[in-house]
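Chemist: Handing you this structure, nothing more for now.
Since every read-out is calculated from the coordinates, none of them should be taken as a lab result. Predicted, not measured: the structure shown is a model, and the values here were computed from it. Methodologically, a virtual Cβ is constructed for each residue, glycine included, from the backbone with ideal geometry; neighbour enumeration extends over all protein chains shown.
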Amino acid sequence: MQPITSRELDEAISDALSIVRSNIPIYRVFCQNHSSIGGIYPRCENDQWTCGFWPGELWLSWELSHDPVFLEAGTAMVPSFANRIERKICVDHHDMGFLYTPSCVSAWMMTGNELAKQSAIAAANQLLTRWQPKGQFLQAWGRMDAKDNYRFIIDCLLNLPLLYWASEVTGDDRYGLVARKHTHTCLTYSFRPDHSTYHTYFLDPRTGKGLRGETCQGYRADSSWARGQAWAVYGLALSFRYTHNPELPALFDGALGYFLSRLPEDLVPYWDLIFQSGSEPRDSSSASIVACGLLEMARLVEEKKEAYEEMAEKLMGSLVRSYRVRPGDTANGLVLHGTYSKKSPYNSCTEEGVDECVSWGDYFYLEALTRLKKSDWRSYW
Ligand code: GLY
């Protein structure tokens, strides 16, 4: 696969900006559904775990263009996120980072928006309520006293930057401490000897000891869900930036190597890495997430910078050439062929958003393009 060229990068950014621009009057201060239906995102209230990605796209678009239409639209979303955390609307889960990092940490970084900052701190406080001292982890889903949901999931690595950020801006180390302890538990249990990952991991609520890995959105408990592996890759890079834990670069290389070893020729994975050929749907969002992880790690490990960047450029070359939405397509997302949740005989998810645009897929694709265009881009994560 040829790396993305600078001309392709500029064309892809230009297409993306024009789609985001034309979506502004459709969504206004509402959100995009987690995934499209027939290529078009229904409008939704601010009550899904994915609602932060649309404002995240607005902030990235503002940084790429300095067109005030994006600044105004991104700023207009902040009160909705303030209202959500103040009124605790659908926040009884761990996804505070996915929600508040691209919507509010970004707004605060760009403009010093105080409401955005306070809302993101409140979201970090909310995330602390998911802490289970017995077992030392942030519980992903369900009631905190639900014995049958005593688990964390690999995706949570992307929620931790909100905690590190909260420690930085408040000077209170409680947030960062929880993030570091959760990471330790995740490193203990989520990774198999071959560097593949469990999607979810149960602990014993009585003893706090690890019990077993299970999957929700992957094919089987012992396979590796493509996006889970991608969250691991990007999450390890971000954890390394915050903690400098010397174990992390080798773990990053292991998780990355497993992901890359299971890709089909065009470098865009099937929805679970158990599939390497055939007609199962792809999950293009995983390729964008891994590209972001590579570009983050390239800044942190000087001796591997070139290799990581080249791999990211290849992943993005494939996405830009064969997966991006082009003018005239019946789709208002940025990238085709994402998969939210695909039912298998062995998993527990509800099937949704199969072979569609997915809102985080669009966001991380645009983040990867932004990272490639602006080598000094300041991460929201
Ligand atoms: N964090 C949920 C997902 O990646 O589908």
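Chemist: 5 Å is the cut-off here: which amide hydrogens, built 1.01 Å from N in the peptide plane, fall below it relative to Gly135, excluding neighbours closer than 5 in sequence?
Modeler: Close amide H contacts, sequence-distant or interchain: none at all.
Chemist: Based on Cβ point charges of +1 for Lys and Arg and -1 for Asp and Glu, what charge dipole magnitude is obtained for the range 75-186 about its Cα centre, in debye rounded to the nearest 20?
Modeler: Dipole of the range 75-186, to the nearest 20 debye: 280 debye.
Chemist: Compare Gly278, Gly254, Gly176 in a GNM of the chain, Cα atoms joined below 10 Å, and give the one with the largest fluctuation.
Modeler: The residue with the greatest mean-square fluctuation here is Gly278.
Chemist: After finding the eigenvalues of the alpha carbon gyration tensor for the range 1-96, what semi-axes result from the square roots of 5 times each, listed largest first in whole Å?
Modeler: 27, 16, 13
Chemist: Would you tally the net charge around Phe191, using a Cβ to Cβ cut-off of less than 13 Å, leaving Phe191 out, and scoring K and R as +1, D and E as -1?
Modeler: -2
Chemist: Using 0.36 nm per residue, how much length does the chain from Trp377 to Thr111 gain when fully extended, once their Cα-Cα distance is taken away?
Modeler: Extending this stretch completely gives an extra 94.2 nm.
Chemist: Express in nm, to one decimal, how much length is gained between Lys134 and Val29 on full extension, taking 0.36 nm for each residue of separation and deducting their alpha carbon distance.
Modeler: Result: 33.8 nm gained on full extension.
Chemist: Let me ask something else about it. Kindly put Leu273, Leu187 in sequence by how many other C-beta atoms sit within 10 Å of each C-beta, fewest to most.
Modeler: By the 10 Å Cβ count, ascending, the order reads Leu187, Leu273.
Chemist: Fewest to most neighbouring Cβ within 10 Å: what's the order for Glu296, Glu168, Glu57?
Modeler: Starting with the residue having the fewest Cβ neighbours, the order is Glu168, Glu296, Glu57.
Chemist: Cα centroid distance between the range 304-381 and the range 90-148, in Å?
Modeler: 24
Chemist: Can you work out the Karplus-derived ³J(HN,Hα) for every residue in the range 109-121? Use 6.51 cos²θ - 1.76 cosθ + 1.60 with θ = phi - 60°, whole Hz, and x for glycine or proline.
Modeler: 3J(HN,Hα) across the range 109-121, in whole Hz: 4, 6, 10, x, 4, 5, 5, 5, 4, 5, 5, 5, 5.
Chemist: Here's something else I'd like to know. Explain nothing, just the number: relative contact order of the chain, from Cα pairs under 8 Å at least 6 residues apart, as a whole percent.
Modeler: Over the chain, the number comes to 19 percent.
Chemist: Considering the dipole of the range 203-320 built from charges on the beta carbon (Lys and Arg +1, Asp and Glu -1) around the Cα centre, which of Ser239, Tyr308, Val290 is farthest to its positive end?
Modeler: Ser239
Chemist: Here is a further query. For Lys343 paired with Asp47, estimate the spin-label separation in nm (one decimal), with each label point 7 Å from Cα along the Cα-to-Cβ line.
Modeler: Distance between the two pseudo-spin positions: 2.4 nm.
Chemist: Nothing charged except the Cβ atoms of Lys and Arg (+1) and of Asp and Glu (-1): what's the magnitude of the dipole of the chain about its Cα centre? Round to the nearest 20 debye.
Modeler: 920
Chemist: Which Cα, out of Pro161, Thr197, Gly208, lies furthest along the positive dipole direction of the range 155-225 (beta carbon charges, K/R +1, D/E -1)?
Modeler: Gly208
Chemist: Shifting gears a bit: Once you have the Kirkwood Rh of the range 261-381 from its Cα pairs, apply Stokes-Einstein at 20 °C and 1.002 mPa s and quote D in µm²/s.
Modeler: The diffusion coefficient I find is 142 µm²/s.
Chemist: Extending each Cα 7 Å along its Cβ direction at Lys305 and His66, get the distance between those two points in nm, one decimal.
Modeler: My value for the distance between the label points is 2.6 nm.
Chemist: How large is the dipole of the range 117-275 about the Cα centre if only Lys and Arg carry +1 and Asp and Glu carry -1, each at its Cβ, rounded to the nearest 20 debye?
Modeler: 580
Chemist: Right, another one. Pick from Gly171, Gly257, Gly361: which residue has the top mean-square fluctuation in a GNM of the chain where Cα pairs under 10 Å get a spring?
Modeler: Gly171
Chemist: Compute the whole-percent fraction of alpha carbon pairs in the range 257-315 spaced more than 14 Å apart.
Modeler: 53
Chemist: Can you give the relative contact order of the range 5-156 as a percent, counting alpha carbon pairs under 8 Å and 6+ residues apart?
Modeler: The value is 18 percent.
Chemist: Here is a follow-up. For the chain, which semi-axes, largest first and in whole Å, follow from the square roots of 5 times the eigenvalues of its Cα gyration tensor?
Modeler: 28, 25, 21
Chemist: Grab the Cα-Cα distance for Asp222 and Ser18, subtract it from 0.36 nm times how many residues apart they are, and report the gain in nm with one decimal.
Modeler: So the chain would gain 69.3 nm between Asp222 and Ser18.
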